[in-house]
Structures are given as structure tokens and as C-alpha cells.
Amino acid sequence: MAIRARPGLKRATIPFNELSLAGREVELVTEAIEAGRIGASGPQSLRAGEILREEVGAERVFLTTSCTDALEMAALMLDLGPKDTVILPSFTFVSTALAFARQGAKLLFADIEEETLGIDPKSVEDLLDDGVRAVIPVHYAGVACDLDGVERVLMGTDIDLVEDNAQGLFGRYRGKPLGSFGRFSATSFHETKNLVCGEGGAFFVNREEDVDRAHVLYDKGTNRQAFMLGLVDKYSWTDLGSSFGMADLLAAYLLAQLEERATIMTRRRSIFEGYDALLAPHADSLGYRTAMVPSDRHQTFHMYYVLLEDNATRNRVLASLREHGIQATFHYVPLHDAPGAERHLAKRTDCPVTDDISGRLLRLPFFNGLTKAEVAYVAETFLDVVAG
Ligand SMILES: *Cc1c(COP(=O)(O)O)cnc(C)c1O
């Protein structure tokens with residue numbers, strides 16, 4: 001197929017992701033530098049953390065150096081070790097597993113639901129045994145997984161829920177913010193996410209009784225927070241912990257993004273709807289499907305994916321799009337049979353839906369600066385390529 005002309009397109013290739021400033025990033029970073037406060041727990045962190053706490057309705061929020069770090073805080077808070085097992089989806093980023101494996105916990109990989117690509121409560125139910133201490137759902141593409149289903153399976157147990165909400169910040173399930181369902185939750189401000197600051201994340205504590213210890217783990221295992229509040233007269237090493245805190249230099253950048261969160265979300269919504277208007281009508285006739293968002297969920301417009309007919313078609317379409325200068329991409333390679341998972345498994349599990357979806361999924365370029373003309377070019381090229 002000939003390369004299509006691109007009237008009005010300013011880029012030779014359309015990247016999968018591209019950074020753009022939302023507003024006062026440079027101003028606030030400069031402010032942090034001029035104030036001489038660039039380390040963790042500074043004024044910009046406090047402001048950014050307060051916005052996040054209010055939006056999610058959490059008890060306390062700690063800005064971290066990454067979502068991976070926030071998940072590690074969760075694993076530490078739960079004192080997980082080699083006798084403990086966590087259940088998590090196989091269809092997720094490696095960090096969801098790594099944070100718990102690193103703590104010595106054993107992993108049980110669950111399969112996902114066809115509809116939302118979130119963890120399947122039935123699969124969780126099948127895997128439950130006496131060693132299970134936590135379940136880690138992921139809200140894939142910022143669409144809530146079946147949280148009611150998961151909670152129903154866990155009812156009457158003392159198994160904790162930890163949400164990997166890297167993609168679901170500002171999403172909702174039956175009206176309630178994602179990130180507020182788990183005992184803990186984690187989100188990401190990695191440069192590929194909806195809101196960014198280079199590298200960064202946040203750890204959400206949803207129970208009052210966990211707040212004091214979270215401060216200690218966050219402050220490298222010391223009771224620094226109690227000291228700052230004048231509750232103890234010196235501060236010392238009291239527990240485990242690490243250097244989890246996000247630098248105020250980056251928190252300043254994040255705060256600027258948070259100030260513009262409504263604009264960013266509106267922008268992403270219009271990109272998603274732009275794609276959907278062009279692609280959903282042809283899905284049946286061309287043999288692919290687009291994302292399904294159940295009516296009781298507010299998604300976050302984190303990405304636009306399509307599921308092609310089979311793996312060969314996905315790979316062919318991906319390669320053709322790239323020839324047309326469109327950096328589409330696949331997504332997660334399943335974790336349940338990844339080489340790195342082997343020695344951390346509680347036992348081997350089969351995840352047939354994950355295997356199938358992983359082979360057929362394709363993500364289109366999606367970032368805040370993507371123009372209407374580019375969305376149209378990508379969508380039209382996709383339609384041509386799929387039709388062959
Ligand atoms: C991006 C992502 C992470 C990791 O986030 P970092 O901030 O890069 O550590 C973890 N889980 C999921 C589901 C993600 O999408």
C-alpha cells in the first residue's frame with residue numbers, strides 16, 4: 001500500500017508518546033530551586049499530595065519516586081515474606097509482581113476478564129488458599145476491574161486489597177474514586193502516564209491506623225515524623241523503610257500538571273472519542289474490537305487499544321502502521337510464564353485469556369499533544385491496513 005499523503009500533519013512520524021507541558025511546570029520548578037527546597041517532603045510535595053488526597057479521598061498520600069516504590073511500600077507495610085502469597089493479574093507491568101517478589105512473597109498469577117482486561121474474580125476465587133495475604137488488582141487502561149466481584153470473593157477473609165492504580169488516577173467505579181478501595185493503593189507519574197513528572201508515583205493509605213507506620217517506612221525507618229511534630233525529643237531508627245520520597249524539584253513539575261488536571265483529562269477524552277468515532281463503527285465488519293467500558297465505570301482515557309482477530313493480524317497491522325510512520329505498539333507480555341517469575345511462583349497457573357489478549361492487543365499513539373488531524377490520519381491508516 002502506498003504511503004498516504006499527510007495534509008496538515010506537522011510530524012514525519014507519529015510517536016507513541018510525547019511529552020508536553022500543561023502549564024506552570026517551568027515556573028514551579030524554578031520556584032523550588034529559588035526557594036532552595038528541592039529534596040523530599042518540601043512545600044510543593046505537600047501541595048501536590050493534598051490535591052491527590054482530596055481527589056481520591058485517602059487518609060494520607062506519600063509522593064514516591066515511582067509507582068514501583070509505592071507498591072514496595074505496600075509490601076513492606078503488610079510485612080510480607082516467604083510464607084505469604086499475593087494474587088495478581090498476569091496481564092500487567094512487571095512492577096506489580098516485582099514489588100512483592102522482592103519482599104520474598106510468593107506469587108499466584110490470576111487471569112483477566114475479556115471485557116475490561118482486569119483481574120477475573122473467578123480466577124481469584126480458584127486460587128485462594130491459606131497462604132494468600134493480598135490481592136493486587138490493576139485497573140487496565142484506567143477502566144476499573146470488577147471490584148465488587150473481587151471484594152465478594154474476599155469477604156470474610158482478612159486478605160488485603162492493594163490497588164495498582166498506575167493508570168486509573170481520577171477514574172471511578174460506581175461513583176467511588178479508584179485508589180480508594182484498597183487498604184493501600186499506588187499510582188504512577190512515569191512519563192507514559194496521564195500526569196507525569198519524569199519519574200514519580202504516590203502511595204495512598206486508606207486507613208487511619210496505617211498512617212503512623214507509613215511515615216516511618218517513608219522516612220527510612222525512622223520516627224522523623226513524630227520528631228517533627230514534637231512527639232519525641234530525638235529521632236532514631238525504629239523499623240524497616242527506604243528512601244521513598246519524591247524530590248520537591250519533581251513534585252513542583254507534578255503540581256503544575258495537577259493544577260491542569262481537568263484540562264488534561266478533557267484533552268485525553270477528546271482524543272479517545274476522536275479515535276472511537278472513527279474506529280468503533282467498522283469494528284464488526286473488519287473483525288476487531290475496541291475497549292469496553294461498563295456503564296458503572298468512569299475511565300481515565302489512559303490509552304486507546306484495539307483487539308485484532310489473531311496474533312498474526314496484530315503483528316501484520318503493527319508492522320504496516322510503523323511503515324506508515326505510526327508508532328503503534330503491543331502491550332504486556334504475560335508474567336505467569338515469564339523467566340523472571342519462575343522462582344517466585346507459589347504454583348504455576350494457566351492464564352488463557354491473558355495469553356490470547358496479549359497476542360492480539362495493539363495500542364495507538366496517545367498523548368496530550370496529539371492533534372485532531374493526527375488522530376484522523378492514524379485511524380484512517382489503521383482502517384486501510386486492517387482491510388488489507
Ligand atoms: C506504569 C505502571 C507501573 C510502574 O510505574 P512506575 O512509576 O514506572 O514505577 C506499575 N503498574 C502499572 C499497571 C503501570 O502501568
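The values are calculated or read from the model by the stated rules, or taken from the named source; none is laboratory data. Only a predicted model underlies this, so the values are computations on that prediction, with no experimental measurement involved. Using ideal geometry, Cβ is built from the backbone for each residue, glycine included, and neighbour counts are taken over all protein chains shown. Ligands, DNA and RNA are stripped out before the accessible areas are found, and what is left, the full protein with its side chains, is counted by its heavy atoms. Shrake-Rupley method; radii C 1.70, N 1.55, O 1.52, S 1.80 Å.
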Requested in this report: Would you check if there is a residue in the stretch 133-146 being among the charged types (D, E, K, R), farther than 18 Å from Asp337 by Cβ and assigned to a strand (DSSP E or B)?
Outcome: yes
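Only one residue in Ile14, Ile112, Ile33, Ile87 is buried (at least 19 other Cβ atoms within 10 Å of the Cβ), touching a residue at least 40 places away in the same chain (Cβ under 8 Å) and more than 16 Å from the ligand (Cβ to nearest atom). Which one? Write out each step before concluding.
Working: Ile112 fails: more than 16 Å from the ligand (Cβ to nearest atom); Ile33 fails: buried (at least 19 other Cβ atoms within 10 Å of the Cβ); Ile87 fails: more than 16 Å from the ligand (Cβ to nearest atom).
Among Ile14, Ile112, Ile33, Ile87, only Ile14 is buried (at least 19 other Cβ atoms within 10 Å of the Cβ), touching a residue at least 40 places away in the same chain (Cβ under 8 Å) and more than 16 Å from the ligand (Cβ to nearest atom).
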Query raised in the report: Is it the case that Leu28 is aliphatic (A, V, I, L, M), surrounded by fewer than 16 Cβ atoms within 10 Å (Cβ to Cβ), touching an Asp or Glu at 6+ places or on another chain (Cβ under 9 Å) and in contact (Cβ under 8 Å) with a residue 24 or more places away in the chain?
Result: no
Query raised in the report: outside any helix (DSSP H, G or I) and away from the ligand (no atom under 16 Å from the Cβ) - does that describe any residue in the stretch 260-274?
Result: yes
Query raised in the report: Has the stretch 184-207 got any residue that is in a helix (DSSP H, G or I) and among the aliphatic types (A, V, I, L, M)?
Result: no
Report task. Working only within the stretch 135-156, note down all residues that are under 18 Å from the mean Cα position of the chain (by Cα) and away from the ligand (no atom under 14 Å from the Cβ). Result -> Val135, Asp146, Leu147
Query raised in the report: From the list Gly39, Gly49, Gly57, which one is in contact (Cβ under 8 Å) with a residue 40 or more places away in the chain and out of contact with any Leu (no Cβ under 9 Å at 6 or more places or on another chain)?
Result: Gly57
Report task. Could you tell me whether any residue of the stretch 188-200 is open to solvent by 10 Å² or more (accessible area, probe 1.4 Å) and more than 11 Å from the ligand (Cβ to nearest atom)? Result -> no
Query - Test set (1) open to solvent by 70 Å² or more (accessible area, probe 1.4 Å); (2) among the aliphatic types (A, V, I, L, M); (3) farther than 25 Å from Asp69 by Cα - Leu321 fails condition number - result: (1)
Query raised in the report: Going by the conditions given, is Ala58 touching a Phe, Trp or Tyr at 6+ places or on another chain (Cβ under 6 Å) and over 24 Å from Tyr332 (Cα atoms)?
Result: yes
Report summary line: Checked Thr92, Thr64 against criteria (within 11 Å of the ligand (Cβ to nearest atom) and touching a helix residue (DSSP H, G or I) at 6+ places or on another chain (Cβ under 6 Å)); the one match is Thr64
Query raised in the report: Within the group Gln103, Gln44, which residue is of a type in the set (S, T, N, Q), more than 14 Å from the ligand (Cβ to nearest atom), surrounded by fewer than 23 Cβ atoms within 10 Å (Cβ to Cβ) and over 20 Å from the mean Cα position of the chain (by Cα)?
Result: Gln103
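Would you confirm, using the coordinates I've provided, whether Thr300 is in a loop (DSSP other than H, G, I, E, B), of a type in the set (Ser, Thr, Tyr), open to solvent by less than 40 Å² (accessible area, probe 1.4 Å) and modelled with pLDDT of 95 or more?
Details: in a loop (DSSP other than H, G, I, E, B): yes; of a type in the set (Ser, Thr, Tyr): yes; open to solvent by less than 40 Å² (accessible area, probe 1.4 Å): yes; modelled with pLDDT of 95 or more: yes.
Yes, satisfied.
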Query raised in the report: Can you name every residue in the stretch 237-252 that is part of a loop (DSSP other than H, G, I, E, B), of a type in the set (S, T, N, Q) and open to solvent by 60 Å² or more (accessible area, probe 1.4 Å)?
Result: Thr238
Query raised in the report: Got a number for residues in the stretch 216-236 being crowded, with 18+ Cβ neighbours inside 10 Å and free of Cβ contacts under 8 Å to residues at least 60 places away in the same chain?
Result: 6
